[in-house]
1. Give the Cα extents of segment 57-246 along the principal axes, in whole Å, largest first.
2. Order these peptides, 34-45, 151-162, by their mean beta-carbon neighbour count within 10 angstrom, highest first.
3. Starting with the fewest neighbours, write out Ile72, Ile166, Ile56, Ile99 ranked by other beta-carbon atoms found within 10 Å of each beta-carbon.
4. Name the residue from Leu114, Leu127, Val59 whose Cα lies farthest towards the positive end of the charge dipole of segment 57-246, charges +1 on Cβ of Lys and Arg and -1 on Cβ of Asp and Glu.
5. Identify the GluC sites (Glu not before Pro) of segment 32-118 meeting these criteria: DSSP loop state and at most 11 other C-beta atoms within 10 Å of the C-beta.
6. Set the bar at 29 Å for Cα to Cα. Now go through Lys58/Lys225; Lys107/Lys207; Lys54/Lys79 and name every pair that lies beyond it.
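No value in this document is a laboratory result; all are computed from the given coordinates. Just so it is clear, the structure is predicted and the values come from calculations on it, not from any experiment. Methodologically, a virtual Cβ is constructed for each residue, glycine included, from the backbone with ideal geometry; neighbour enumeration extends over all protein chains shown.
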Amino acid sequence: MLSISTMAKTHVKRGFLCWGGNISQAMGVLDFIFPKTCVNCSRVGRYLCEDCQKHIQKVEFQICPVCGRPSISGLTHPKCETRRSLDGLHSFVYYSPPIPQALYKLKYKFVRDLAEDLLGEASLEKLDIFSGFSVVTVPLHQKRENWRGFDQVRLLAELLAGKLGIEFKESVLVRKKETKAQVGLSREARAENVARAFECVDREFVKDKNLVLFDDVWTSGATLKNAGAELKKAGAAKVWGLTLARSR
Ligand SMILES: [Zn+2]
Ligand SMILES: [Zn+2]
């Protein structure tokens, strides 16, 4: 026999397919039917409970995006710099629990509160370096975005730009070809997977601009390096990588 919650879920899913209102209205209804639970420990109340928030580990030292070694403020080492390399990298927290759980949740469910909780943990006061910059994102492939219905990276980037008091600019980069999911690929395969994957479609905006290229996680960095190179090719003055999380 179907449990009441299974029936309710099925009902809501079906209802959602023909939902005429906006996404946040729809999610308001969902929150009412399914109360918020912590993504890490399942405690009822919020998406990231206070105890689990305490486990979030802030990045202690930033790294050079080219060689991956420690670097003051995340600036690319002068000897690592090339014409199209990123000029620096800043990440807020390590990719350790509850961050993977939270990002997974964000990927499959549009929860603005959770995004706010995540960014609340970010130490924004250190980011004066980005004044005068504009935030752009790495785009999801069209198909994948449609399948999920939204873009969690864009949601985080927009919120972050608001908190930093700098401009958010959408649709600067597009994906030229469908890239496979990066998870489970070797470093070489990742690089190959994203090489030449991006195209700048707003050169006018990019020219001589200082840009912050945002993504949720830095692992090999292949995605941001390639997207950054494309922005440099399009005439950007400076391109910094910025991620919520970074693997150790
Ligand atoms: Zn918790
Ligand atoms: Zn370096």
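1. Its Cα atoms span 39, 36, 34 Å along the three principal axes.
2. On the way: 34-45: 14.7, 151-162: 20.1.
Descending mean neighbour count gives 151-162, 34-45.
3. On the way: Ile72 10, Ile166 18, Ile56 22, Ile99 26.
Ascending Cβ contact count within 10 Å gives the list Ile72, Ile166, Ile56, Ile99.
4. Val59
5. Details: sites: Glu50, Glu60, Glu81, Glu116; in loops: Glu60, Glu81.
Answer by residue number: Glu60.
6. Values: Lys58/Lys225 23 Å; Lys107/Lys207 32 Å; Lys54/Lys79 38 Å.
Check vs 29 Å cut-off fails for Lys107/Lys207; Lys54/Lys79.
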